[in-house]
Each structure stands twice: as C-alpha cells, then as structure tokens.
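I have placed the structure first, in the form of structure tokens, so that the comments after it can refer back to it.
The values are calculated or read from the model by the stated rules, or taken from the named source; none is laboratory data. Predicted model, so just to flag it, every value in this text is computed and none were measured. No Cβ is skipped: glycine too gets one built from the backbone with ideal geometry, and neighbour counts run over all protein chains shown.
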Amino acid sequence: MLTGAPKNDMNEPATYFYGMQPLWTWVDRLYRIYVSDRALAGAYIGGQVYDETTASLTFQQFTPLLSGWIRKILDRRRERESLYDSINPFSTRFLDIDPLNFWIAREDVIRTRLKRTRTLWTPINSGVVEIEMIDGRVRRFILIGDQEHDDILELMKRFDPSIEAYGRKIPLPRPSSNPRRINRFVYGIFAGVLLCFGLFFTVLAIVDPAKKPRLIATAIMNAIAGTYCLAQSLRNSDE
C-alpha cells in the first residue's frame, strides 16, 4: 500500500474524476484520477482521442477512413477502465499495471487550484485542476467533457480542504446540426493554436540562435498549417 494512504473500501462508490495531462513534447494523456485524504492516484486510460466526439473533431473528414483504428483506441480505453474498476488504486499492484500510472502524496503538495474557465488546449473541457508540488513543478489536469465543478471541488477537498477555486464557468457550446458551423469552429480553434505555436517557435529561434534553423522550420510549418486552417474556417463561414 502507498505509505500514509488509507485502504479503499471497494464497496464504496468510486471517487475519481477525469483529467487530461497536457504535454508539449508528447501526446496528451488521459487519466482517471482517484482522490483520498492522503493521496491522488492517476490511472492512465487513453490519449487525445478518447471518445467519438474527440475523434470526429480531430480527424474531421478523414474520420470514416480511420474508423477501424479509432474503434480500437476507444475499445482499449473501455478495457482499461474495466480493469481499474476491480483494482484498489492505492495498492502496490496499481503502479505495476502501467508505468504511466502515478501517485501524488499529500505531503508533496503545496497547494491545489480549480480553474473553472475553459482552456483552449482541447476544445471540449470545463476547466483545469492545478497541483503545485514542493519541488516547484505544477501538474495540470484538464477536466474533459462537461464535468461538474462543484462535484470535483467537493471531491478534491478530501485531499486538500484549502483548495482554491476561481474563474467563471462558461457552458460548453451546444452541438450544432450545421456541419459548416462545426467545421468553422474546429478549424478556427486549430488555426489559433497553430499560429500561436508558430509565434512561439519564432521567439525561441531568436532567443536560441544555435537551434535557429530547426526552430524556424518548425515555426514555418506551424504558420502554414495555421493559415490553412484559418482559410478553411473562413471558407465555412455562414456569412
């Protein structure tokens, strides 16, 4: 068992929420995060594509061509979730199941925050949980989907009664039956992200001349992709 962590009564309802860990240098990771008064336990269950909606938003018109591969990804998530339904997340076996699983002990945390405002990192989310560690790191978990802030706040108070909550909840946009409007929204999101990356890598090239050729090439690729997405967004405008 995790040192200092209480034993879980597996007859009790699961006490967890879903959090996407954003990564700059690798594929984002989706976790089922269990909460106790002594620790958090993260069970890795998937990546950036974790349901039919995110698959459709990610692959757009190529979704039908990739349906077989997407089905395997979603089946793998369901299998992982089913596995963790029968495992104590605070047992030593938990970390042996997957090297991406983690524990965060309460004594290693300085403060926690719940940000109600949505992030632009992924289109469908309801905010972010931030965990500031004593070693200076800040671990962020995006609340995918439309998870309820009040429920997560009450759950996290078990781990940190003094958790800070701020920001204003903005309801997720209602699904539109107009495909042109959906495409405009999705392409607009990707355009903004890619153009920001282009600017980011341009600044890095100025700061670090030694890596300038590679960074400039990356910036140009992002700018071209961002411009294309922006053009597609304007093309799908209803006006």
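Could you check region 4-28 and list, in sequence order, the residues that are loosely packed, with under 13 Cβ neighbours inside 10 Å, more than 19 Å from Val138 (Cβ to Cβ) and at pLDDT 50 or above? Listed by number, the list holds a single entry, Val27. Restricting the first member to region 186-198 and to residues that are assigned to a helix (DSSP H, G or I), and the second to residues that are surrounded by fewer than 18 Cβ atoms within 10 Å (Cβ to Cβ) and of a type in the set (D, E, K, R), the beta-carbon pairs closer than 9 Å and six or more apart or on different chains are Tyr187/Arg235. Within the option set Leu120, Leu114, Leu83, being under 19 Å from Asp37 (Cα atoms) and either touching a Ser or Thr at 6+ places or on another chain (Cβ under 8 Å) or in the same structural domain as Tyr31 (by TED's automatic domain parsing) (or both) holds for one residue only, Leu114. Filtering region 123-152 to residues that are within 17 Å of the chain's Cα centre (by Cα), touching a residue at least 24 places away in the same chain (Cβ under 8 Å) and part of a loop (DSSP other than H, G, I, E, B) leaves Pro123, Ile124, Gly145, Asp146, Gln147.
Restricting attention to region 202-225, which residues are surrounded by 12 or more Cβ atoms within 10 Å (Cβ to Cβ) and modelled with pLDDT under 80? Lys211, Lys212, listed by residue number. Taken together, Ile104, Ile87 contain a single residue that is within 16 Å of Tyr44 (Cβ to Cβ), modelled with pLDDT of 95 or more and among the β-branched types (Val, Ile, Thr), which is Ile104.
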